[in-house]
Amino acid sequence: MSEIVDIHSHLFWYPDHLSEELVSEALAAKKAKIATSGGLAFARSLDMHSNDALPDDHFAMLKDLSKIVVFGLQAQQTGFNTPNEIIAEYVKRDPSRIEGWASVNPTNPDALGQFRYAIEVLGLKGLKVGPAYQHFDPTDPEYWPIFAECEKRDLPVMIHMGTTYPSKAKIALSQPLLLEPLIMAHPKLRMVIAHLGHPWEEDTIALIRKSPNTYSDISALHFRKWRFYQALITAYEYGAVHKILFGSDFPNSTSADTITGLRNVNQITEGTNLPRFPQACIEQILYENWQNFFMGAQP
């Protein structure tokens, strides 16, 4: 059986880990995703719990996967507050197939200590951050010690770049090319730029193409069919498909619906002369690219 790894999923729920303002804004965004994706979006209900990512719902996705990476988010500035202990406890349900990563807010004075605790005591195996959510400038070396720690330990980083829906998010801090100084200063840092940095997918593709240990993922992209198609064609034409990983962004979508969205990427070309994204590249994203990423940092 071919193996699929979901590199991007979350665990959190309202009101324990998400603010009321945040989930109100998430509901409006969720309705748009359901409409534009033809139903290939996940919602437990269309109310204040539309963005809940509960353990049982998350665990059900493993029927379609060989492995899944899961994390919360520590971003009090925008209403996210998932303790890393929640992730560590959930991993115990199937530690051979669930890999938990920590989230630490780089603006916290004890960020490095919190991260070391999450790795050494809780047993988590990576880091999730998001400049837009956590209000930190990724070009500022003040926030780089936690990335240096990841590079030293060869632990991966998932970094949200690109747009997002919370009104308190600072999207100006989330443009993918802002990562170039950090990547060049820490070339062996294994990093995944979430969501192909949408709507700056072209910048993300340019960056991952030249950076040996920087990847991106397709999570939360199939909702917008035209942008998704354009992004993958761009990656193909620039020879960067091998740097793109599969991810669902659960609870925005399930792994199964994201697989369907990827396999349907060429539907938008039907009846036209537009180029098709090769089937071999679809299979590569699903079954192959994750293997290089998990091998560890490249020279």
Open item on the list: Just checking, does the stretch 63-84 include any residue being among the aromatic types (Phe, Trp, Tyr) and touching a Lys or Arg at 6+ places or on another chain (Cβ under 6 Å)?
Closed with: yes
Open item on the list: Checking the conditions here, which among Ala172, Ala148, Ala132, Ala118 is in contact with a Lys or Arg (Cβ under 7 Å, 6 or more places away or on another chain), part of a helix (DSSP H, G or I) and either of a type outside the set (A, V, I, L, M) or more than 20 Å from Asp6 (Cα to Cα) (or both)?
Closed with: Ala132
TODO: Determine which single condition Lys33 fails, assuming it passes every other condition in (1) touching a helix residue (DSSP H, G or I) at 6+ places or on another chain (Cβ under 6 Å); (2) under 24 Å from Leu286 (Cα atoms).
DONE: (1)
- [ ] State which residue is surrounded by the fewest Cβ atoms within 10 Å (Cβ to Cβ) when the search covers only the stretch 210-261 and only residues that are of a type in the set (D, E, K, R) and within 16 Å of Ala280 (Cα to Cα).
- [x] Glu237
Task: Residue count for the stretch 175-209, restricted to those that are assigned to a helix (DSSP H, G or I), touching a residue at least 60 places away in the same chain (Cβ under 8 Å) and farther than 20 Å from His8 by Cα - done: 0
Task: Residue list for the stretch 130-145, restricted to those being touching a Phe, Trp or Tyr at 6+ places or on another chain (Cβ under 8 Å) and either without any contact (Cβ under 8 Å) to a residue 40 or more places away in the chain or among the charged types (D, E, K, R) (or both) - done: Phe136, Asp137, Tyr143
Task: Number of the exception - Tyr133 against (1) buried (at least 22 other Cβ atoms within 10 Å of the Cβ); (2) touching a strand residue (DSSP E or B) at 6+ places or on another chain (Cβ under 7 Å); (3) farther than 25 Å from Thr36 by Cα - done: (3)
- [ ] Kindly indicate which of Gln298, Gln267 is assigned to a helix (DSSP H, G or I), among the polar types (S, T, N, Q) and either surrounded by fewer than 18 Cβ atoms within 10 Å (Cβ to Cβ) or in contact with an Asp or Glu (Cβ under 9 Å, 6 or more places away or on another chain) (or both).
- [x] Gln267
Open item on the list: Condition first: charged (D, E, K, R) and either out of contact with any helix residue (DSSP H, G or I) (no Cβ under 7 Å at 6 or more places or on another chain) or within 18 Å of His10 (Cβ to Cβ) (or both). Now tell me which residues in the stretch 210-226 satisfy that.
Closed with: Lys210, Asp217
Open item on the list: Take the residues in the stretch 63-75 that are of a type outside the set (A, V, I, L, M) and outside any helix (DSSP H, G or I); name whichever of them is farthest from Tyr14 (Cα to Cα).
Closed with: Ser66
- [ ] Within the stretch 19-62, track down each residue that is under 22 Å from Gln74 (Cα atoms), touching a Leu at 6+ places or on another chain (Cβ under 8 Å) and assigned to a helix (DSSP H, G or I).
- [x] Ala26, Leu27, Lys30, Pro55, His58
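Condition check ((1) within 22 Å of Glu89 (Cβ to Cβ); (2) modelled with pLDDT under 95) across all residues:
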residue: Trp13; (1), (2): yes, no
residue: Glu20; (1), (2): no, no
residue: Val23; (1), (2): no, no
residue: Ala26; (1), (2): no, no
residue: Thr36; (1), (2): no, yes
residue: Leu40; (1), (2): no, yes
residue: Ala43; (1), (2): no, yes
residue: His49; (1), (2): yes, no
residue: Phe59; (1), (2): yes, no
Open item on the list: Among the residues of the stretch 281-289, are any under 30 Å from Arg153 (Cα atoms), aliphatic (A, V, I, L, M), out of contact with any Ser or Thr (no Cβ under 7 Å at 6 or more places or on another chain) and part of a loop (DSSP other than H, G, I, E, B)?
Closed with: no
Task: Scan of the stretch 203-236 for residues that are small (Gly, Ala, Ser) and on the phi < 0 side of the Ramachandran plot, ordered by number - done: Ala206, Ser211, Ser216, Ser219, Ala231, Ala235
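The values are calculated or read from the model by the stated rules, or taken from the named source; none is laboratory data. All values derive from a computational prediction rather than experimental measurement. Because the Cβ atoms are built from the backbone with ideal geometry, glycine has one as well, and the counts that use them run over all protein chains shown.
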